Amino acid sequence: MSKIAQRPYVMSIAGFDPTAGAGILADIKCFEQNETYGFGICSALTVQTDSEFLKNSWLSVTEIIDQMAPLLYRFKVAAVKIGLIKDIAVLLEVIAYLKKHQTTIKIVLDPVLKASAGYAFHDWDAGLKHLLPVLKQINLITPNYPEMLSMGGQEEVFTAAGSWSAYCPVLLKGGHMKTHIGTDYLFENKKMVELKPSVTKVYQKHGSGCVLSAAITATLAKNHTLLDACKHAKKYTEQFLNSNESLLGHHKLQFTQ
């Protein structure tokens, strides 16, 4: 058996970003560097650059499942990351299909409410009411500060994240916070762990949130704990952010996991 075949199989269900800075292409690059084998399922086609978002076209739930079905039949997929997706109804159908066909699969949801260039995809406010059926079926959700504020119904973000963690662990990403910028917070069962940055300066990148959640997914697929997966992914993302000064980063694992 070849070495690559021995790697865990992971899946990204996300948008196709032609820049490869975010979405499926970024996730696959991240999976590869984190020593897993990645499958890519397209949920939307986007028209964009690294700094400008023009439009997107959604794929239907049938089109998404048609892509997943043969892969789930042939391969044992250890973990899946779900990014940009049309709405909660599609999300629930996708999760149900995953759970039906591979009951032990680990699912990381990276909610994409707005493109980094400013284009709004969803407005999932009052999110706990609508997302509770989702949270009960996944292993982690990774909102940033504005996303948690919106999905939490404008409730204070730490309070909202703590409440949500009774149903599903929450990694509150700190890149958009006004204070303690770069510090992430992992909530599990209403308990919080602070994950401080290991660098003092970073260069902003298109798709950094995608990279973080993809690195977590890959690490979970290798049976690391959630806390260790988040710590590893944070270091990987910091390395990605500082790979150059442009908006498009380079993927390379340069530290011991």
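At 7 Å along Cα-to-Cβ for each site, give me the label-to-label distance between Glu32 and Leu54 in nm.
Modelled inter-label distance: 2.6 nm.
Find, among the trypsin sites (Lys or Arg not before Pro) in segment 132-183, those assigned to loop by DSSP (not H, G, I, E, B) with at most 13 other beta-carbon atoms within 10 angstrom.
Answer by residue number: Lys136, Lys178.
Going by how many other beta carbons lie within 10 Å of each one, how would you line up Met11, Met148, fewest first?
Ascending Cβ contact count within 10 Å gives the list Met148, Met11.
Express in nm, to one decimal, how much length is gained between Lys136 and Asn244 on full extension, taking 0.36 nm for each residue of separation and deducting their alpha carbon distance.
Between Lys136 and Asn244, full extension yields an extra 35.0 nm.
Counting other Cβ atoms within 10 Å, which GluC sites (Glu not before Pro) in segment 150-257 have at most 15 and lie in a DSSP loop? List each step's numbers first, then the result.
On the way: sites: Glu155, Glu156, Glu188, Glu194, Glu238, Glu245; in loops: Glu155, Glu156, Glu245.
Taking segment 150-257 and a limit of 15 other Cβ atoms within 10 Å, the loop GluC sites (Glu not before Pro) found are Glu156, Glu245.
Say R0 is 45 Å: what FRET efficiency, to the nearest 0.05, do Leu92 and Thr200 get from their beta-carbon distance?
E between Leu92 and Thr200, to the nearest 0.05, is 0.60.
List the residues whose amide H sits under 5 Å from the amide H of Val112, counting only those 5 or more places along or on another chain, with H placed 1.01 Å from N in the peptide plane.
When sequence neighbours closer than 5 places are left aside, the close amide H contacts are Ile85.
With volume of the Cα convex hull per residue in Å³ as the read-out, I listed (i) 135; (ii) 117; (iii) 154; which label goes with the value calculated from this structure?
Answer by label: (ii).
Collect residues whose amide H, placed 1.01 Å from N in the peptide plane, falls under 5 Å from the amide H of Ile107; neighbours closer than 5 in sequence don't count.
So Ile107 has HN proximity to Val80, Asn139, Leu140.
With each label point set 7 Å from Cα along the Cα-Cβ vector, what nm distance links Thr104 and Glu188?
A separation of 1.9 nm, rounded to one decimal place.
Bear in mind these aren't lab numbers, they're just calculated from the coordinates by the rules spelled out. Because the structure is predicted, anything quoted here is derived from the model rather than measured. Cβ atoms come from the backbone with ideal geometry, glycine included; neighbour counts cover every protein chain shown.
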